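So the structure is just underneath, and the comments pick up after that.
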Amino acid sequence: MRRPQFISEVLNLASAHSGSAPDNSIWSGFYKRTVSERQKILAQARGLDEKDVALLNKDGPLPLATAETITENVVGTFALPFSVAPNFLVNGKEYVVPMVIEEPSVVAAASNAAKLAREKGGFKTEYSGSIMTGQIQLVKLQDAGAAVAKLNADKAALMTEADTHFANLKAFGGGVVGMQARKLASPRGQMVVVEFDVNVADAMGANMVNSAMERLAPTVEKKTGGTARLRILTNLAIKRIASASAVWSKESLGGEEAVEAILDAWAFAMADPFRRATHHKGIMNGIDAVGVATGNDWRAIEAGAHSYAAMKDASIITYSKNADGDLEGKIVLPLAVGVVGGSMKANPCAVLGQKILGAKSSGELAQVMAAVGLAQNLAALKALAGEGIQAGHMRLHARHVAKTAGVSDAELERAVEFMISSRQVNEAGAKAALHKLRSK
Ligand code: HMG
């Protein structure tokens, strides 16, 4: 490996600037370096060669200079497949849904279930409103019950003060809409939590709610004599709920027994937390992929969905059979997503994802995402309860494995056939297919 030329110069720079760091770790002050200096340090530390560094520098849709402004210690950008799922008919409107995900068959599955749902009118959705809740934790209280009573008695004044911290939201119809205080019995004794409900309109809202909680904390302390510790929103956004429902005809699912099989698969997830984890993983395959494609915080979405399911001790989806014997499905979950704010505008791919979807409000985006989650689950359960997940999923995975093993486009379909029929969807199977095809 050729040593990056400027490494010693960079290390000298590092030690010259490391006044606050007594050790001469090359990582101290890494964040203060330019992208190119960081790459050199990384190359030295991890044995990257010129090809690796060239990959980090490769121009993609997200310019390196922009990536550098979005997060810390940036050394490059990282690409994922950008797909679209057609067929989504939601409240009578056609959507082409952008999805960013590396897992094969997720996009195919969502498109498939959305197509099957069209026969009975597609998805019907609802949204409870963009209400996020910020929390202020109070400790060191003489009397937690009295503090709760005082806070609740002063609710109107507290809400008015809180509202002043959301002046920018007013133009968009947002602002503080509620407040409550409650006592908590914790492993460290009694504490109190004060919560402010805020209509954040079309933003995800985390930053604005967090800032307001920090600014409100002194008032809350003064009123109660307590000490404010955490001042942060909750991702369990139970006042920001999206739901979607759809009907799939029994014929489209493969008949009466197929409907029964899907209901059994769902009931398994309702009854068993171990199955439910995978059931929800499948749902989030689709919801997260739309979250990434539209520049939303998919960790916040995940946290909300899983905490909601844990709180209910149930699946976030319910299925039933209607009078015609068709399958009705409904998903209900918190979805804190935005169409403005955050790093969304900075990332051209997220801007494009939003443009492709065309949702005008955070509520519209959340409702389409809920429809995607329901479609994703229906497709997975239909496959799992029928021929098994591997047939569809593995066929698509086989394409990727075959290409990686050097199968050409012209050989691809025959190689995939061979890998599926010989039940070898792996590198050895791809190599065996290549051998067979080329030795002919
Ligand atoms: P099929 O019935 O053979 O599909 O299903 P088809 O050829 O009849 O096509 C129907 C529609 O599906 C197409 O409509 C497309 O929209 C779509 P058309 O274009 O013909 O008008 N479609 C595709 N879209 C993109 N690429 C493709 C493609 N093929 C069909 N290649 C399919 C085939 C794979 C869709 C089906 O078998 C399926 O839905 N399987 C489920 C796969 C799945 O759920 N994958 C998710 C990952 S697995 C996982 O991790 C989650 C899990 O653990 C969750 C859980 O346990 O609950 C399973």
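Applying a length cut-off of 24 Å (Cα extent along the axis) and a mean Kyte-Doolittle floor of -0.5 to the DSSP H helices of the chain leaves 206-224, 273-293, 362-385.
A 1.4 Å probe run over the stretch 283-370, with the rest of the protein chains in place, finds 36 Å² accessible per residue.
Can you pull the Kirkwood radius for the chain, inverse mean 1/r over Cα pairs, to one decimal in Å? Display every interim value, and only then the final one.
Details: mean 1/r = 0.0398 Å⁻¹.
About 25.1 Å for the chain.
Relative to the Cα centre, the charge distribution of the stretch 371-422, modelled as +1 at Lys and Arg Cβ and -1 at Asp and Glu Cβ, gives a dipole magnitude of about 140 debye.
Let me check I have the definition right: for the stretch 22-151, take the eigenvalues of the Cα gyration tensor, multiply each by 5, take square roots. What are those semi-axes in whole Å, largest first? Walk me through the numbers on the way to the answer.
On the way: eigenvalues 335, 260, 27 Å².
Computed over the stretch 22-151, the values are 41, 36, 12 Å.
In debye, nearest 20: dipole of the stretch 131-233 around its Cα centre with unit charges on the Cβ of K, R (+) and D, E (-)?
Values: 12 positive and 9 negative charges, 77 e Å.
My answer is approximately 380 debye.
Of the listed residues Leu396, Leu327, Leu80, the order by accessible area with a 1.4 Å probe, largest first, is Leu80, Leu396, Leu327. Considering helices alone, the calculated mean residue ellipticity of the chain at 222 nm is -16000 deg cm²/dmol, with DSSP H runs of length four and up weighted by -39500 (n - 2.57) and normalised per residue.
Taking every Cα-Cα distance in the stretch 269-332 and sorting them into 5 Å bins starting at zero, the pair-distance distribution P(r) comes out as 4, 16, 24, 21, 17, 11, 6, 2, 0 percent. Less than 5 angstrom separates the built amide H of Met179 from those of Asp197, all sequence-distant by 5 or more or on a different chain. With the charge dipole of the chain set up from +1 on Lys and Arg Cβ and -1 on Asp and Glu Cβ about the Cα centre, the Cα lying farthest toward the positive end among the listed residues Met369, Val74, Val292 is that of Val74.
The Kirkwood hydrodynamic radius of the stretch 391-439, based on inverse pair distances between different Cα atoms, is 10.0 Å.
Convex hull volume of the Cα atoms in the stretch 89-129, per residue, in Å³? Please report the intermediate quantities before stating the final value.
Values: hull volume 3.7 nm³, N = 41.
Taking only Cα atoms, the stretch 89-129 has a hull volume of 89 Å³ per residue.
Working from the Cα coordinates of the stretch 178-234, the gyration tensor eigenvalues give, after taking √(5λ), semi-axes of 22, 13, 10 Å in decreasing order. Each of Leu378, Met419, Ser320 was scored by the projection of its Cα onto the charge dipole of the chain, and the greatest displacement toward the positive side belongs to Met419; charges sit on the C-beta of Lys, Arg, Asp and Glu.
Since only Gly134, Gly205, Met191 are under comparison, the one whose Cα sits farthest along the positive direction of the charge dipole of the stretch 131-233, derived from C-beta charges on Lys, Arg, Asp and Glu, is Met191.
So, by mean Cβ neighbours within 10 angstrom, what's the order for 405-418, 179-192 with the highest one leading?
Details: 405-418: 16.2, 179-192: 14.6.
Top to bottom by mean Cβ count within 10 Å: 405-418, 179-192.
Using the heavy atoms of the protein chains alone and a 1.4 angstrom probe, what is the accessible area of the stretch 131-233 per residue in square angstrom? If you can, show how the numbers build up before the last one.
Values: 5070 Å² over 103 residues.
So the stretch 131-233 comes to 49 Å² accessible per residue, rounded to a whole number.
With Cα atoms defining each centre, the stretch 345-390 and the stretch 413-439 are spaced 32 Å apart in the structure. Restricting the calculation to Cα atoms, every distinct pair contributes to the Kirkwood radius of the stretch 187-344, found to be 18.3 Å. According to the Cα-based calculation, Rg over Rh for the stretch 131-233 is 0.98, with Rh computed by the Kirkwood formula.
Which percent of the accessible area of the chain is formed by carbon and sulfur heavy atoms (probe 1.4 angstrom)? Show your work: numbers first, answer last.
Numbers: 11890 of 21800 Å².
Its accessible area is 55 percent carbon and sulfur atoms.
Each residue was assigned an accessible area with a 1.4 Å probe, and for Glu103 the value is about 50 Å². Basic side chains Lys and Arg get +1 at the Cβ, acidic Asp and Glu get -1 at the Cβ, and with that the dipole of the chain about its Cα centre reaches some 640 debye. Take every pair of alpha-carbon atoms less than 8 Å apart whose residues are at least six positions apart; their mean separation over the length of the chain yields a relative contact order of 17 percent. Taken along its three principal axes, the alpha carbon spread of the stretch 299-440 comes to 57, 48, 29 Å, from the longest extent down to the shortest. For the set Met284, Met311, the ranking by accessible area, highest first and with no ligand, DNA or RNA atoms included, is Met311, Met284 under a 1.4 Å probe.
The values are calculated or read from the model by the stated rules, or taken from the named source; none is laboratory data. Only a predicted model underlies this, so the values are computations on that prediction, with no experimental measurement involved. Reconstructed Cβ throughout: ideal geometry from the backbone, glycine too, with neighbour counts over all protein chains shown. Keep in mind that these areas ignore ligands, DNA and RNA; they rest on the heavy atoms of the full protein, side chains included. Shrake-Rupley method; radii C 1.70, N 1.55, O 1.52, S 1.80 Å.
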